[in-house]
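Engineer: Before we start, here is the structure in question, set down as structure tokens.
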Amino acid sequence: MSRYRVSCPCGGSVTVSAGEAGADVPCPQCSAAIRIPNLSALNHLAAQAQGAGKPKPTQAGATATPPELKTGRAIFIILAVVAVLINVETLHSDIESHEQAVPSLVRLALTIGLLYCVWLGMLWARVLSGFLFLLAVFIAVWGASQLNNLIVWQSFLAVFYFTFFICLTAVPPVRRFLDHQLQSRK
């Protein structure tokens, strides 16, 4: 079984097996969690070290972004953009119908701020956004049952908000990306 040496920013290093790829391993020197790169990144780094003729430790976090993190990031970005566009459309509708646009503008700013905090890996923002998107599903379903002329729009909102909630809580690439963001903040 192949062994890989992964270094910690403190200067310590840990030797890991292929089975530990993607896991967090405590540094023996400072006890900080070291994120072990995925197996393909470990193999790539090992091949580079052999090509240079001497073993090189890999710097935790200095590897290329694994494909699963890229997938999770892409899904999150797409959903966040759609969420912001929904708020922009609501703001635009309020301006056209001469309603007060301030609440829609505030909601847009708060949505952008909350999604940015989720992007940064803040756990409280992730939990709050999951709760708010799930609440929005119930409000959209209720709205669809009350407003016959907007049933298609309200149904779309219900499906979208439910999709966003599921992605934040249950889709593995998105969860791993957000977990990675959380770990990179520590």
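Engineer: If I ask for residues that are at pLDDT below 80 and loosely packed, with under 13 Cβ neighbours inside 10 Å, which ones from the stretch 66-86 would you list? Lay out the reasoning, then the answer.
Structural biologist: Initial filter on the stretch 66-86 (at pLDDT below 80): 66-68.
Across the stretch 66-86, the qualifying residue is only P67.
Engineer: Are any residues in the stretch 14-40 under 22 Å from V171 (Cα atoms) and either at pLDDT below 70 or in a helix (DSSP H, G or I) (or both), and if so, which ones? Break it down into steps so the answer makes sense when it comes.
Structural biologist: As a first pass, look at the stretch 14-40 and keep what is under 22 Å from V171 (Cα atoms): 20-24, 35-40.
Residues satisfying the conditions are E20, L39, S40.
Engineer: Would you please name the residue that is modelled with the highest pLDDT, looking only at residues in the stretch 89-106 that are surrounded by 14 or more Cβ atoms within 10 Å (Cβ to Cβ) and part of a helix (DSSP H, G or I)?
Structural biologist: Step one: filter the stretch 89-106 for residues surrounded by 14 or more Cβ atoms within 10 Å (Cβ to Cβ), giving 90-91, 94, 101, 104-105.
From what is left, the residues that are part of a helix (DSSP H, G or I) are 90-91, 94, 104-105.
Values: T90: 77, L91: 81, D94: 76, S104: 79, L105: 85.
The qualifying residue modelled with the highest pLDDT is L105.
The values are calculated or read from the model by the stated rules, or taken from the named source; none is laboratory data. Just so it is clear, the structure is predicted and the values come from calculations on it, not from any experiment. With ideal geometry, Cβ positions are generated from the backbone for all residues, glycine too; neighbour counts draw on all protein chains shown.
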